[in-house]
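I have placed the structure first, in the form of structure tokens, so that the comments after it can refer back to it.
The values are calculated or read from the model by the stated rules, or taken from the named source; none is laboratory data. A quick note: this is a predicted structure, and the numbers were derived from the prediction, not measured. Cβ placement follows ideal geometry from the backbone for every residue including glycine, while neighbour counts extend to all protein chains displayed. Only protein heavy atoms, including side chains, enter the accessible area calculation; ligands, DNA and RNA are left aside. Shrake-Rupley method; radii C 1.70, N 1.55, O 1.52, S 1.80 Å.
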Amino acid sequence: GMEPGARLCLALCLAGLLLAPGCRGAQGRFAYKLLHDLFANYSSALRPVEDTDRALNVTLQVTLSQIIDMDERNQVLTSYLWVRQTWLDAHLTWDKDEYGGIDSIRIPSSYVWRPDIILYNNADEHFGSSMETNVVLRSDGHIMWDSPAITKSSCKVDVSYFPFDGQRCRLTFGSWTHNGNQIDLRNQLDTGDLTDFVENVEWEVLGMPATRNVITYGCCSEPYPDVTYTLLLRRRASFYIFNLLLPCIMVSFLAPLGFYLPADSGEKVSLGVTVLLALTVFQLLVAESMPPSESVPLIGKYYIATMTMITASTALTIFIMNVHHCGPGARPVPPWARRLILHHMARLCCVYEVGESCKSPQRALGGQAGGSDAGGPGESPGEGLVGAEAGGCPWDHCLCHHDALLRDVGYIAGCFRRHRANQRRTGEWKKVAKVMDRFFMWVFFLMVFLMSVLVLGNAA
């Protein structure tokens with residue numbers, strides 16, 4: 001029954017004769033009366049069902065609004081979610097005609113019974129529940145509770161393919177104390193809602209499928225239903241390609257050029273060591289952001305392989321420099337080395353002296369060898385000339401110290417001969433070093449190229 005004044009006010013409202021404030025006043029009075037009547041004998045502590053043996057259906061829907069942070073090192077995903085729960089409260093129903101046609105009211109969620117649904121794999125030290133927002137209560141007892149929450153969830157991160165990796169992060173929601181015979185939890189849709197998702201700069205969301213699982217835990221015999229959302233993420237790799245991978249590839253292409261540097265410059269070893277240091281800095285940058293797990297990330301493997309290669313190239317450079325700086329006391333180049341290195345490998349690597357062409361190293365080398373043997377075991381041209389003069393000199397005009405003069409000239413010629421032989425030997429060893437340098441330069445260039453292709457191929 002409605003008071004006559006209220007009935008008249010409502011009639012005039014409907015006729016449109018009264019201004020809005022008066023109508024709102026009437027509606028407000030009904031809302032107060034409704035609230036008082038509903039909660040006079042209501043307790044928010046007990047599960048609101050008519051029959052305590054029947055389970056209460058709770059429907060869950062999660063909207064992903066934003067991925068705030070993915071901490072790979074601690075394996076924690078921080079996300080901003082909107083959690084919507086709906087259920088039927090059998091004790092909070094009313095006839096809307098009795099209360100001026102009020103169909104729904106919004107009241108603080110603490111007034112009504114709420115299901116204790118929490119995120120099972122929560123990783124937040126405060127274990128904070130969602131925000132205290134209002135619930136929407138309809139006249140047939142349906143309650144809808146929307147609450148935003150910033151959640152930190154544990155997520156097993158696999159970084160073996162970093163920075164070309166994808167991650168699967170689970171968000172498992174379930175009731176903490178009610179089993180499946182008391183609260184039957186269901187997902188409203190097959191996927192999480194991504195319509196309001198704010199794009200993340202580092203992660204691309206591929207999907208968020210939802211599944212309902214019923215699990216029996218070790219503590220209790222009753223089944224506990226939960227709803228698990230699997231967030232499928234893929235890392236946007238361009239940042240890491242430009243900041244970690246490309247500099248490493250560029251620096252590693254510098255390492256084989258150490259072989260091309262002339263040995264007399266004295267910078268060959270320092271170039272290798274500098275490149276090694278540069279790569280160590282990059283590797284430290286990667287290691288700081290990765291979890292200390294057994295699976296080494298792809299980029300880490302690439303750094304290690306490159307550093308091993310540069311160490312090997314620096315060691316080889318030191319060995320080749322020793323060959324290059326063979327002193328005058330060096331043994332002659334062995335025949336096998338002359339044949340293999342100075343003929344075949346020199347032709348293969350296009351190493352030739354000034355004035356020689358790459359096309360005909362054979363003739364040039366032969367000419368050089370012929371020239372070197374011209375002053376062979378016999379006398380030098382100067383010595384032969386002196387001998388001829390001495391032979392043509394009449395005995396009576398010769399000085400008494402003729403033998404001493406010949407001995408001195410012979411000694412000087414021998415010195416020159418030995419000096420030229422030493423020079424020739426040193427020159428040959430220098431040529432050997434140069435050919436080896438050029439050969440290893442191409443070998444290491446090929447290795448760097450292959451490693452870069454392998455890493456990018458693995459990533460793809």
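Quick notes on this one:
- Placing dummy labels 7 Å off each Cα toward the beta-carbon, the span from C219 to Y260 is 6.8 nm.
- Histogrammed with a bin width of 5 Å, the alpha carbon distances of segment 30-235 distribute as 1, 7, 14, 17, 16, 15, 11, 8, 5, 3, 2, 1, 0, 0 percent, first bin at zero.
- Positive end of the dipole of segment 208-325 (Cβ unit charges, origin at the Cα centre): among V273, A237, L316, the Cα lying farthest that way belongs to A237.
- Leading residue at positive end of dipole, segment 81-145 (Cβ point charges), from L137, W113, Y99: L137
- Protection-proxy order for peptides 439-452, 249-262, each taking the mean of Cβ atoms within 10 Å per residue, highest first: 249-262, 439-452
- Highest to lowest packing among 420-429, 43-52, scored as the average C-beta count within 10 Å: 420-429, 43-52
- Shown in residue order for segment 132-139 are the 3J(HN,Hα) couplings computed by the Karplus curve 6.51 cos²θ - 1.76 cosθ + 1.60 at θ = phi - 60°: 7, 9, 6, 10, 9, 10, 9, 5 Hz (x for Gly and Pro).
- Dipole magnitude (debye, nearest 20) for segment 30-235, charges at Cβ of Lys, Arg, Asp, Glu: 260 debye
- Cβ-based net charge around P332, under 11 Å, with every Lys or Arg adding one and every Asp or Glu removing one: +3
- What segment 24-135 shows is 56 Å² of accessible area per residue, with the surface traced by a 1.4 Å probe over protein heavy atoms.
- Estimated FRET transfer efficiency (R420, A337; beta-carbon r; R0 22 Å; 0.05): 0.55
- In this simple spin-label model, placing a label point 7 Å from the Cα along the Cα-to-Cβ direction at both L277 and F253 gives a separation of 2.4 nm.
- Taken along the Cα-to-beta-carbon direction at a fixed 7 Å, the label points for F197 and H36 span 5.0 nm.
- Length gained on full extension, T230 to H91: 46.5 nm, using 0.36 nm per residue less the C-alpha separation.
- Charge sum, other residues only, whose C-beta stays under 14 Å from W203's C-beta, Lys/Arg counted +1 and Asp/Glu -1: -3
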